[in-house]
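The values are calculated or read from the model by the stated rules, or taken from the named source; none is laboratory data. Please read all numbers here as calculations on a predicted model, not as lab measurements. Cβ placement follows ideal geometry from the backbone for every residue including glycine, while neighbour counts extend to all protein chains displayed.
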């Protein structure tokens, strides 16, 4: 017993005597024996020394193949291989941030709170909306929270969501809708653009637009924005934060809420997470903001201070009345994102976006010259685009892996009814050199020849 819990045999015996029972097992008699774990069923392996354990872990880790030494990545679709400056890594891993606990006590958490305040300010500038929270878990959860907010405001649970939204996000939205009762209607995409049913007599309460969409394309949006504004429909933009350096912000275009995945700014691929969800909205919705909000104030000595503020009791306590039950965030990742955006600055983010754009356009031009490769759509794009090839996209990815490339993301699940199904989503970031792009294109041409 003492090997599993921090109590001596004498302490356990004293507890049993006080309770009037003879053994610890009697504490669990109300639990059916069929579902109780017996020690015989654990089948634990023989113990090993620390040296042996580390050696085994290193052997297992060596089976992974990493970007850089093993692969050159042209894959994206929500997770991007960007450069992370040493300064960003150094600052974000300082113990003040790395080991800091939830900043409930402002008197001991001013550094973290100020960093989150700066994060909110930067995200608001990026999105063009007045209010941003102190982050959410990732882009998918941010979209769910955005829909919850707009549905609560419109009192209409019908949501039109473009098929051009990341399919993983759509899966998460549909999963949550099973519990909330929201009616999610996916609107198909054709030739890269969403076929919005603007003549539909059943008006939605919320419309979700991709900007650019998951396929990297900039859809014509004037009609759907005008339709939404004329019918008092809430607009959610799922945007690419890097592309905002070259485009008008969601706020300028009329978004009520804007969400994004912030992984591009200072966050590694991390095997798919943890990432950080960017969430912004209009000031009139500030009291309905999900998660945390850090505010700037003045203390009793007249000095600037920071506190978590405007927390609705419904979010934590009266959960049945809340539009959100998110009570935490991604503090460390959010601070890393803020450090990255600050390090880059306005001109640096513009340069980052321009390098992605010019690299993608250069690769696009190389690929369309290859027999058996064609662009899926002629709509403009920023840093990723879809191509159709005469070879299966899945097989092409497998073959390119053998050549040292992550060729892209096959567009399959979530697009079964779309004309883009089977295409390959290709991404270029600022890390890709001209030599790497040339090598990628020539290798792909050789494989599909």
Flag if residue 204 is buried (at least 19 other Cβ atoms within 10 Å of the Cβ) and in the same structural domain as residue 152 (by TED's automatic domain parsing): yes
Please go through the stretch 422-447 and pick out each residue that is farther than 21 Å from residue 371 by Cβ and loosely packed, with under 15 Cβ neighbours inside 10 Å. 433, 434, 435
Of (1) touching a strand residue (DSSP E or B) at 6+ places or on another chain (Cβ under 9 Å); (2) touching a residue at least 12 places away in the same chain (Cβ under 8 Å); (3) surrounded by fewer than 16 Cβ atoms within 10 Å (Cβ to Cβ), residue 274 satisfies all except one. Which? (1)
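Per-residue answers, yes or no, for (1) assigned by TED's automatic domain parsing to the domain that holds residue 274; (2) at pLDDT below 95; (3) outside any helix (DSSP H, G or I):
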site	(1), (2), (3)
327	yes, yes, yes
350	no, no, no
355	no, no, no
362	no, no, no
371	no, no, yes
385	no, no, yes
395	no, no, no
412	no, no, yes
417	no, yes, yes
Is the stretch 72-81 home to any residue that is farther than 18 Å from residue 242 by Cα and surrounded by fewer than 24 Cβ atoms within 10 Å (Cβ to Cβ)? yes
I'm told residue 164 meets every condition in (1) assigned to a helix (DSSP H, G or I); (2) surrounded by 24 or more Cβ atoms within 10 Å (Cβ to Cβ) except one. Can you identify the failing condition by its number? (1)
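Of all residues in the stretch 282-306, which are outside any loop (DSSP other than H, G, I, E, B) and out of contact with any helix residue (DSSP H, G or I) (no Cβ under 7 Å at 6 or more places or on another chain)?
Within the stretch 282-306, 283, 284, 286, 287, 295, 297, 298, 304 qualify.
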Residue pairs meeting the criteria (Cβ under 9 Å; at least 6 apart or on separate chains; first in the same structural domain as residue 149 (by TED's automatic domain parsing) and at positive phi, in the stretch 282-302; second assigned to a strand (DSSP E or B) and exposed (fewer than 10 other Cβ atoms within 10 Å of the Cβ)): none
Applying the selection to the stretch 393-417, what residues are surrounded by 17 or more Cβ atoms within 10 Å (Cβ to Cβ) and under 17 Å from residue 377 (Cα atoms)? 393, 408, 409, 410, 411, 415
Meets criteria (farther than 19 Å from residue 137 by Cα and modelled with pLDDT of 95 or more) for residue 320: no
